[in-house]
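The values are calculated or read from the model by the stated rules, or taken from the named source; none is laboratory data. This one's a predicted model, so the numbers in the text were calculated from it and none came from an experiment. Neighbour counts are summed over all protein chains in view; Cβ atoms, including those assigned to glycine, are modelled from backbone coordinates with ideal geometry.
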Amino acid sequence: MDIHAWQLWLIFGILLLLADLLLAGGGSGVLLILGLAALGGMGAALSGLDPTGQLLTAAVVGVVSLPPVAWMLRRRRNDSRNSITDPRAAMSRFEVVEFTGRRGVRILGEFYAVRSVDGTELHPGDVVRVEHFEGIVAVVRKVGDAATDA
């Protein structure tokens with residue numbers, strides 16, 4: 001049984017796409033782009049190009065797919081509002097602390113700067129609940145606010 005070049009490209013592409021889906025939950029841009037590039041190489045092999053043409057086509061498909069994949073991943077990331085997905089932290093209360101001159105909270109051992117959801121000033125000792133993240137800043141609401149206790 002002979003294996004043709006397009007079959008190798010197809011197997012390689014499917015393995016990369018599955019790895020992206022299973023290992024990174026569909027969020028790894030690198031594996032996704034490499035999988036799409038491999039499928040482009042498969043198309044080149046099916047059209048009869050030599051191995052150099054196949055590699056060149058795969059490279060071009062990878063470069064061309066970079067902007068749409070980056071746009072898709074950025075849009076997907078922004079839609080989630082950087083929510084807390086760890087169940088140990090999702091509904092927990094945290095105390096505001098001062099660390100190296102900045103106010104923040106420690107979540108699972110990591111320090112995050114804080115900003116109040118309604119703009120009120122936070123002081124060390126305030127008990128807060130994290131609403132979401134904006135970059136590396138935890139946007140919090142003081143425990144005791146009507147929206148938090150509901």
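Can you say whether LEU18 is surrounded by 14 or more Cβ atoms within 10 Å (Cβ to Cβ) and either modelled with pLDDT of 95 or more or not hydroxyl-bearing (Ser, Thr, Tyr) (or both), as far as the supplied structure shows? Quick ask: steps written out before the conclusion?
Details: surrounded by 14 or more Cβ atoms within 10 Å (Cβ to Cβ): no; either modelled with pLDDT of 95 or more or not hydroxyl-bearing (Ser, Thr, Tyr) (or both): yes.
No, not satisfied.
Run down GLY41, GLY25, GLY29 and say which single residue is surrounded by 15 or more Cβ atoms within 10 Å (Cβ to Cβ), out of contact with any strand residue (DSSP E or B) (no Cβ under 6 Å at 6 or more places or on another chain) and at pLDDT below 95.
Details: GLY41 fails: at pLDDT below 95; GLY25 fails: surrounded by 15 or more Cβ atoms within 10 Å (Cβ to Cβ).
Going through GLY41, GLY25, GLY29 in turn, just one is surrounded by 15 or more Cβ atoms within 10 Å (Cβ to Cβ), out of contact with any strand residue (DSSP E or B) (no Cβ under 6 Å at 6 or more places or on another chain) and at pLDDT below 95: GLY29.
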Point to revise | Hits in the stretch 103-138 - residues which are in a loop (DSSP other than H, G, I, E, B) and over 17 Å from ALA90 (Cβ atoms) | key: ASP118, GLY119, THR120, GLU121, LEU122, HIS123, PRO124, GLY125, ASP126, GLY135, ILE136
Check your understanding: Do any residues in the stretch 96-110 that are more than 12 Å from VAL127 (Cα to Cα) and not assigned by TED's automatic domain parsing to the domain that holds ILE136 have Cβ atoms under 6 Å from those of residues that are surrounded by fewer than 16 Cβ atoms within 10 Å (Cβ to Cβ) and not aromatic (Phe, Trp, Tyr), where the two are at least six apart or on different chains, and which pairs are they?
Key -> none
Practice item. Enumerate the pairs (first residue in the stretch 53-76 and more than 14 Å from GLY13 (Cβ to Cβ); second residue anywhere and at pLDDT below 95 and surrounded by fewer than 16 Cβ atoms within 10 Å (Cβ to Cβ)) with beta-carbon separation below 7 Å, excluding pairs fewer than 6 apart on the same chain, so at least 6 apart or on different chains. Key: LEU73/GLY27
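Tell me which residues, restricted to the stretch 49-59, are of a type outside the set (Ser, Thr, Tyr), surrounded by 14 or more Cβ atoms within 10 Å (Cβ to Cβ) and assigned to a helix (DSSP H, G or I).
First, pick out the residues of the stretch 49-59 that are of a type outside the set (Ser, Thr, Tyr): 49-51, 53-56, 58-59.
Cutting the leftovers down to surrounded by 14 or more Cβ atoms within 10 Å (Cβ to Cβ) gives us 49, 53-56, 58.
GLY53, GLN54, LEU55, LEU56, ALA58, listed by residue number.
Among the residues of the stretch 85-102, is there at least one that is modelled with pLDDT of 80 or more, part of a helix (DSSP H, G or I) and touching a Gly at 6+ places or on another chain (Cβ under 9 Å)? Give the derivation first.
Step one: filter the stretch 85-102 for residues modelled with pLDDT of 80 or more, giving 92-102.
Filter once more, so that each one left must be part of a helix (DSSP H, G or I): none.
Taking every residue of the stretch 85-102 in turn, none turns out to be modelled with pLDDT of 80 or more, part of a helix (DSSP H, G or I) and touching a Gly at 6+ places or on another chain (Cβ under 9 Å).
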